[in-house]
Each structure stands twice: as C-alpha cells, then as structure tokens.
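Quick notes on the structure that follows.
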Amino acid sequence: VSTQSTGGEYWTMAQLQPKSFFTKILRRFPPLEFSVAYGSGVFLQKGYDNAPAPQLDMILGVRDPARWHNKNLDMNPTDYAWPLSWCTGGMVAAVQDFGGAHMLYHPYIDVSLSLIHI
C-alpha cells in the first residue's frame, strides 16, 4: 500500500515508525482511551535522511480530562505552559472545554525520543 502527498513524495506502509517507538512515548503519559499520531514523524519522508528528527504530532483521547490532567500534571509538569502548570487538572479541563473543539494544545513537548506536538 502506498500513498502520495501533495508534494509528490511517496510513502509505503513499510516506512512507518516501528510500534516500539510510539509505545515508549505513550508510556510517559497516564492511561489513554486512544491516541493518533500524524505528521512527518510518523511517515518517514523524502528529505529527512540527514535532517534533525522530524516533528511528531499526536492527539490523545481521554475519558475524564480533569482526572487525566491531574495525573499528567504530577507525572509531567513541564508539559504545561504557565499558568496551566500551576492549575489543578479540573482547571486545565475547564480551559480545554472553553474552546469549541474541547482540545488543549501542548506544543513542543520533549520526550527524549522525539519532539512532539499534542
């Protein structure tokens, strides 16, 4: 199976990052309902042969955002920008619920394997 990007590069399913790569990243977070990874860090793309590690974007889905953020604030406080890093999980979840998409964007989280956007 192969797919073509808008830039004309082709990728095959064999060029995906190994499952162990994503397993290591997901272990640093509290339990999730689901996760989706996308971007140049998922599909090895033309032009990244000798370049720094490509960006990895992820969507993390949780059943109880307040509880999840409480756990993640304890485990990974540097994932949150100020002032959210000083909030409770419930307060972070309230900020998340404020927007129409009910998502909270955490750019530039360093997981020592890859720079990811969540």
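What the table below lists for this structure:
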{"item": "Failed item in (1) exposed (fewer than 13 other Cβ atoms within 10 Å of the Cβ); (2) under 28 Å from residue 94 (Cβ atoms); (3) at pLDDT below 90, with residue 46 passing the rest", "result": "(2)"}
{"item": "Condition met for residue 25 (on the phi < 0 side of the Ramachandran plot, of a type in the set (Val, Ile, Thr), surrounded by 15 or more Cβ atoms within 10 Å (Cβ to Cβ) and modelled with pLDDT under 95)", "result": "yes"}
{"item": "For residue 51: the one exception among (1) part of a loop (DSSP other than H, G, I, E, B); (2) open to solvent by less than 70 Å² (accessible area, probe 1.4 Å); (3) of a type in the set (A, V, I, L, M, F, W, C); (4) at pLDDT 70 or above", "result": "(4)"}
{"item": "Residue check, residue 38 open to solvent by 70 Å² or more (accessible area, probe 1.4 Å), modelled with pLDDT under 90 and touching a strand residue (DSSP E or B) at 6+ places or on another chain (Cβ under 7 Å)", "result": "yes"}
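The values are calculated or read from the model by the stated rules, or taken from the named source; none is laboratory data. Small disclaimer: the values here were computed from a predicted structure and weren't measured. So basically every Cβ, Gly included, is an ideal-geometry build from the backbone, and we count neighbours across all protein chains shown. Note: areas computed on protein heavy atoms with side chains; ligands, DNA, RNA excluded. Shrake-Rupley method; radii C 1.70, N 1.55, O 1.52, S 1.80 Å.
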